[in-house]
């Protein structure tokens, strides 16, 4: 072997090690500390030397038994999908692919496989053997942009594609990868969310409007929610209402958490908040976890009854909306992300003494 060949082989081996391998299990980087503001124990599950992020706030990222989660991380070099054990802190690399969008990682209802977008293609990957299959590729001229989600019944993926100024909703079957266009729009669409128990899709027009359309493309309509900006909207578990943050046009007013019922057009306030920029709800929407963007920049719990708040810890993130707080399926832990210690990392707190357990 020539010296040049030897150097190239060494370089290739170094690159392979740096990028990691699918199926490789990495040791825990978790640490715990007492929050400076409340002195409550916080667990930082990933190291801020590398970037780790939760899935999109409307996607299913935590297993039904609350024992592990899907997350995106560049711990091994490039952004890949990982299975993070929420008890041991170990991370298992699940993907090895170029162009992965970590926010699109989403578990299927059976908890045995997950989907994601990489480049212009949609993939499904089996959790047990890590075999992946390309389900669909965006046609020439179109690019995935605006996110994707898997419906509650696990039969379809709904995603957004753009071409120039035009956006469209596409539905792709998880069995055969057959795709069809639901509707096109002249403005950027994002965050497509299938409605539980009904053949309808909720989607966002930036932070200014919410729209809903039937899965067959009929009755596309703008929802008449409260005036002002809209933050992290999502369906309630039963699909009866849309939970969302309202950012009043009058900046002297507090951001408030609201609930809209599409079938009746009724919009009502759940409670005013300490300037929440993002939030998540437990399974029965009796308790909410929010990330404030006021001077304290904290993570708080808000009870639906009485709309009372309790500060849990500081998040100190540069962008409060990116904190994306959420509950585990059993409502016994909360998770969020923050760049307070360096790069974005994933954090956790136990709340079983404050929130009743819910069935997954």
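Tabulated results
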read-out	value
Test: residue in the range 298-314 that is in the same structural domain as residue 54 (by TED's automatic domain parsing), crowded, with 21+ Cβ neighbours inside 10 Å, part of a loop (DSSP other than H, G, I, E, B) and modelled with pLDDT of 95 or more	no
Sole exception among (1) modelled with pLDDT of 95 or more; (2) under 22 Å from residue 329 (Cβ atoms); (3) surrounded by fewer than 17 Cβ atoms within 10 Å (Cβ to Cβ) for residue 98, by number	(2)
So residue 147, is it under 22 Å from residue 233 (Cα atoms) and either in the same structural domain as residue 213 (by TED's automatic domain parsing) or part of a strand (DSSP E or B) (or both)	yes
Among the candidates 29, 49, residue that is crowded, with 17+ Cβ neighbours inside 10 Å, in a loop (DSSP other than H, G, I, E, B) and either at pLDDT 95 or above or assigned by TED's automatic domain parsing to the domain that holds residue 233 (or both)	29
Test: residue in the range 252-263 that is modelled with pLDDT of 95 or more, at positive phi and in contact with a strand residue (DSSP E or B) (Cβ under 8 Å, 6 or more places away or on another chain)	no
Any hit, the range 114-124, residues being at pLDDT 95 or above and more than 20 Å from residue 138 (Cβ to Cβ)	no
Scope the range 102-124; condition farther than 24 Å from residue 196 by Cβ and either out of contact with any strand residue (DSSP E or B) (no Cβ under 9 Å at 6 or more places or on another chain) or surrounded by fewer than 20 Cβ atoms within 10 Å (Cβ to Cβ) (or both); matching residues	119, 120, 121
Filter result (over 23 Å from the mean Cα position of the chain (by Cα) and touching a residue at least 24 places away in the same chain (Cβ under 8 Å)) within the range 189-224	216, 217, 220, 224
Qualifying residues in the range 208-225 (those that are in a loop (DSSP other than H, G, I, E, B) and surrounded by fewer than 16 Cβ atoms within 10 Å (Cβ to Cβ)) - the one modelled with the lowest pLDDT	208
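So that you can scan it fast, the table gives a plain yes or no per residue for (1) more than 30 Å from residue 112 (Cβ to Cβ); (2) assigned to a loop (DSSP other than H, G, I, E, B); (3) modelled with pLDDT of 95 or more:
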position	(1), (2), (3)
55	no, yes, yes
66	no, yes, no
70	no, no, yes
75	no, yes, yes
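The values are calculated or read from the model by the stated rules, or taken from the named source; none is laboratory data. Owing to the predicted nature of the structure, the values given are computational and were not obtained by experimental measurement. Positions of Cβ are generated from backbone atoms using ideal geometry, with glycine treated the same way; all protein chains shown enter the neighbour counts.
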